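The structure appears right after this line, and notes come after that.
The values are calculated or read from the model by the stated rules, or taken from the named source; none is laboratory data. Keep in mind the model is a prediction, meaning the values are calculated, not measured. Methodologically, a virtual Cβ is constructed for each residue, glycine included, from the backbone with ideal geometry; neighbour enumeration extends over all protein chains shown. In case anyone asks, the SASA skips ligands and DNA or RNA and just uses the protein heavy atoms, side chains included. Shrake-Rupley method; radii C 1.70, N 1.55, O 1.52, S 1.80 Å.
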Amino acid sequence: MSSLQAPLWRSIAVFRFASLAYAVVLLAIRQDYYHRWGWAWAVLAAMIAWTVVSTVGYAVPARRTPLLLGADLVLTAAALLSTSVLQTSQALHLGVMPVTATWLAGPALAWAVAGGARWGAAAAVVLGSCTVLLRLPLGGKYQSTILDGPIILLMAAMLVGYVATLTTRAERAIQRATELEAASRERERLARSI
């Protein structure tokens, strides 16, 4: 929305591309965790394409629509859940990083910047739920760390949403102060001419 939020959107884009690089490295060195390694590369290619599309979309404030935000969340959740058919059951049981790696945080951060802490929390809950679904125990025992990633994502999204809300308020305050100063100058000019 505002020029003060522009650095937040650029940071999300940088984060997503850095996360893609991390996902590529993990996939390249952990072939033995995948029984459909080739398909994992196809998912990664789709993630790269979507990152380019979403980065271009989020670069222009008018394109930061609920449709783009929703598509971002759905496509990321689908890529995340694809891990269940790509990784071996042992890798899933061990809690190996999903095919998306840290890239999955992108939509939660985008939602947070676009709509504040509540929107960011909502997106984080959706993606966190998908992460927990991937780690559902087959034998009935939950690992104590199953919620670590989702909780960290939730806290990060809420923090980014709070910061985004503060930048929006600051932008409005600056705009209002500028308008008041301009009106004051105009009054002074008119008073001098009288």
Carbon + sulfur, % of accessible area of the range 155-194 - ligands and nucleic acids excluded, 1.4 Å: 62
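Under 1.5 on a/c is rounded, so check that first for the range 47-162, then, if it is not, pick prolate when a/b is larger than b/c and oblate when it is not; a ≥ b ≥ c are the square roots of the alpha carbon gyration tensor eigenvalues.
Working: a/c = 2.90, a/b = 1.65, b/c = 1.76.
Because a/c hits 1.5 or more and a/b fails to exceed b/c, the range 47-162 counts as oblate.
Any number yet on Rg/Rh for the range 97-194, C-alpha, Kirkwood?
Values: Rg = 22.9 Å, Rh = 16.3 Å.
My calculation of the ratio gives 1.41.
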Heavy-atom accessible area per residue - the chain, 1.4 Å, Å²: 57
Pairwise FRET efficiency - Ser3 versus Met155, Cβ, R0 = 30 Å, nearest 0.05: 0.65
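Give, in nm to one decimal, the length gained when the segment between Thr178 and Arg30 is fully stretched (0.36 nm per residue of separation minus the Cα-Cα distance). If you can, show how the numbers build up before the last one.
Numbers: separation 148, 0.36 × 148 = 53.28 nm, distance 5.56 nm.
That pair, Thr178 and Arg30, stretches by 47.7 nm at full extension.
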By average C-beta atoms within 10 angstrom, highest first, the peptides 111-122, 90-101: 111-122, 90-101
Compactness of the chain - radius of gyration and Dmax, Cα, Å: 21.6, 87
Contact order normalised by residue count of the chain, Cα under 8 Å, 6+ apart, percent: 25
